[in-house]
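Taking it in order: structure first as structure tokens, then the write-up.
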């Protein structure tokens, strides 16, 4: 809201500079956006000299009363403990100017719910340019001067906050004013020259034959005031906010009038605005009202009344406010207070003025008291602790632990969109990654922003793959990304971690050759993440279509699939614009499922082992259809508790290996926490393991 300082000073005799006013008003709930020095012509009614200042206030949606000079003046007067000056245009009762016994023009309201009041006045006018002082004020506040009649309506809009409109009386059929809903198929050419299609849910101001204005939004071109206009009808009305908001949005038409009406207007203001417009009409010699004014008011405004308990003021604000200050602040803002003692409450019965449409509860009144008494008066105290705070959601600590593990392995955290396109989602649907019966449709959006954001992501991997593609196309060779976020399916939401890795497996170094990331590297990452949850995963084959067969696996904990990892299939990467030939390894773990399978006991640190470990290698021949996970499971089931690690370090097929067979080499590590193991004990344990491999898997030691 642009506010002209000289205009404000006609209401409030404030001496402070615009900067000082802006600073104080900012802490009173009206943020100052900026200041602009202007040089308007001297107002005929103002004694201000020299440059003037425009202050631009950011007014929140719940304070439509501050979209006017008088509204800002009330706030300044209250903040500086000044009276509102009796300028003869606000303090007097404008409703006394209305003569209902001599209606100027028949006014009918067909829908009182959408139009609660309609005031009209007829005047004989001479259309000409406005005086320079009036044009300067409108221009300073961002409104283009048009003619004296139209400028009067805009002037009243800025000064009192009440939108008005002027019709050319001779262009109205009847003449009559009918406030009704638009007819089906009805249209109207508005003042901006565009033909608007109207619908029956829109309110229009019509004459006896056709619509002449869209209620609360914009007037029509057919009854526009022009240089040939001799008689006009001034309009000031109250329209239902939700109706104006819906009409404005449907037509894509935002005006100064609709901005005010849709936030809620003062139902008592139309009569005051009409009297002010007629007063200005005579003051600038633009014409004269014939004294015939009609005020159709189906149901008089009932002001909101709030019972304000004295004890609630310090209870809510945290500071004591003297009774005299409570009454002064409220009176200055236009409230009336009636003291009330005894049962049922001790305090005040507060009546809100018509322009304060935001006052409904005692807390609304207390807020007014607090902000104008000054929150800077709040004492510096620490709140009393009544009870211990509730424990944090355990998922917060889990996500933090998982994030730290990923960061420690050299991954960078990414944040991607939860909305993706359908084509990106399809390869990662649960039915694709986990098998039939797992749900095969993505969660669609009812009103997507575009086709690129049509569904909720079923997996974190599409966004991460796009992020890797973006980095690769911008020249970055080595990319390691992870994201912790929510996935969506028809069955509900789940929290997971996704990882994507491309480029070198290790940093360049003179001590070793360059090597690209492969399946084993992403498998090690998965094992480390599982270790952070204190679980030891198993791995089984997967048929996920977005992974390379033979380089893909499910992550299994206690027989439950909690994730998938492997090398991204090249076609899946190319569909997301990844350069061809790039090996990208991905993994995704369902953190909720992983947590459910984690031990519930509190993790405890263990002392470092005192006794040395013993390492033995073994190579065996088995059927090539047998998975390494099956072999590891057999080894663990046959081994004693002193076997602490089993790691596969070689797989060979070729010369010297029979067809259908594969040579697997494992490194077994034994260690006791009680004593040093002897060679005889370890050899006996190794023999037990070999016997189990031979018996259960038909293995042959090499």
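Looking only at residues of the stretch 127-153 that are assigned to a loop (DSSP other than H, G, I, E, B) and touching a strand residue (DSSP E or B) at 6+ places or on another chain (Cβ under 6 Å), we find that the one that is farthest from residue 280 (Cα to Cα) is 142.
When each of 358, 320 is tested for being under 26 Å from residue 374 (Cα atoms), out of contact with any strand residue (DSSP E or B) (no Cβ under 6 Å at 6 or more places or on another chain) and in contact (Cβ under 8 Å) with a residue 60 or more places away in the chain, the lone residue that passes is 358. Filter the stretch 360-372 down to residues that are over 19 Å from residue 79 (Cα atoms) and touching a helix residue (DSSP H, G or I) at 6+ places or on another chain (Cβ under 8 Å) and give me whichever is surrounded by the fewest Cβ atoms within 10 Å (Cβ to Cβ). Per the criteria, the residue is 363.
In the stretch 571-593, the qualifying residues are those that are over 12 Å from residue 465 (Cβ atoms) and not in a strand (DSSP E or B), and the one that is farthest from the chain's Cα centre (by Cα) is 581. In the stretch 286-300, of all residues being out of contact with any helix residue (DSSP H, G or I) (no Cβ under 8 Å at 6 or more places or on another chain) and touching a residue at least 40 places away in the same chain (Cβ under 8 Å), the one that is surrounded by the fewest Cβ atoms within 10 Å (Cβ to Cβ) corresponds to 299.
Among the candidates 521, 466, the residue that is out of contact with any helix residue (DSSP H, G or I) (no Cβ under 9 Å at 6 or more places or on another chain) and surrounded by 14 or more Cβ atoms within 10 Å (Cβ to Cβ) is uniquely 521.
Report yes if residue 403 is farther than 15 Å from residue 78 by Cα, surrounded by 12 or more Cβ atoms within 10 Å (Cβ to Cβ) and either modelled with pLDDT of 90 or more or touching a strand residue (DSSP E or B) at 6+ places or on another chain (Cβ under 7 Å) (or both), otherwise no. Against the criterion (farther than 15 Å from residue 78 by Cα, surrounded by 12 or more Cβ atoms within 10 Å (Cβ to Cβ) and either modelled with pLDDT of 90 or more or touching a strand residue (DSSP E or B) at 6+ places or on another chain (Cβ under 7 Å) (or both)), residue 403 qualifies. Scan the stretch 346-359 for residues that are touching a helix residue (DSSP H, G or I) at 6+ places or on another chain (Cβ under 6 Å) and surrounded by fewer than 19 Cβ atoms within 10 Å (Cβ to Cβ) and the total you get is 0. The number of residues in the stretch 555-603 that are touching a strand residue (DSSP E or B) at 6+ places or on another chain (Cβ under 7 Å), touching a residue at least 24 places away in the same chain (Cβ under 8 Å) and more than 20 Å from residue 485 (Cβ to Cβ) comes to 8.
Going through (1) free of Cβ contacts under 8 Å to residues at least 60 places away in the same chain; (2) out of contact with any helix residue (DSSP H, G or I) (no Cβ under 6 Å at 6 or more places or on another chain); (3) within 25 Å of residue 520 (Cα to Cα) one by one, residue 618 falls short only on (1). Among the residues of the stretch 677-691, none qualifies, meaning not one is under 55 Å from the mean Cα position of the chain (by Cα) and either within 26 Å of residue 531 (Cα to Cα) or modelled with pLDDT under 90 (or both).
One residue stands out among those in the stretch 612-639 that are in a loop (DSSP other than H, G, I, E, B) and under 58 Å from the mean Cα position of the chain (by Cα): the one that is surrounded by the fewest Cβ atoms within 10 Å (Cβ to Cβ), which is 625. At least 3 residues being farther than 18 Å from residue 204 by Cα is the threshold, and among the helices (runs of 4 or more DSSP H) wholly inside the stretch 231-304 those reaching it are 269-283. Pairs are defined by a Cβ separation below 9 Å, a sequence spacing of at least 6 or placement on different chains, a first member in the stretch 123-144 that is at positive phi, and a second member that is outside any helix (DSSP H, G or I) and surrounded by 14 or more Cβ atoms within 10 Å (Cβ to Cβ); the pairs so defined are 142/2; 142/54.
Each residue in the stretch 332-345 was checked for being surrounded by fewer than 16 Cβ atoms within 10 Å (Cβ to Cβ) and within 41 Å of the chain's Cα centre (by Cα), and 1 pass. Among the residues of the stretch 430-444, is any at pLDDT 85 or above, farther than 17 Å from residue 502 by Cα and surrounded by fewer than 18 Cβ atoms within 10 Å (Cβ to Cβ)? Looking for residues that are at pLDDT 85 or above, farther than 17 Å from residue 502 by Cα and surrounded by fewer than 18 Cβ atoms within 10 Å (Cβ to Cβ), one finds at least one in the stretch 430-444, hence yes. When 506, 502 are checked against the criterion of being more than 21 Å from residue 458 (Cα to Cα) and touching a strand residue (DSSP E or B) at 6+ places or on another chain (Cβ under 9 Å), 502 stands alone in meeting it.
The values are calculated or read from the model by the stated rules, or taken from the named source; none is laboratory data. Owing to the predicted nature of the structure, the values given are computational and were not obtained by experimental measurement. As a convention, Cβ positions derive from the backbone with ideal geometry for all residues, glycine included, and neighbour counts pool all protein chains shown.
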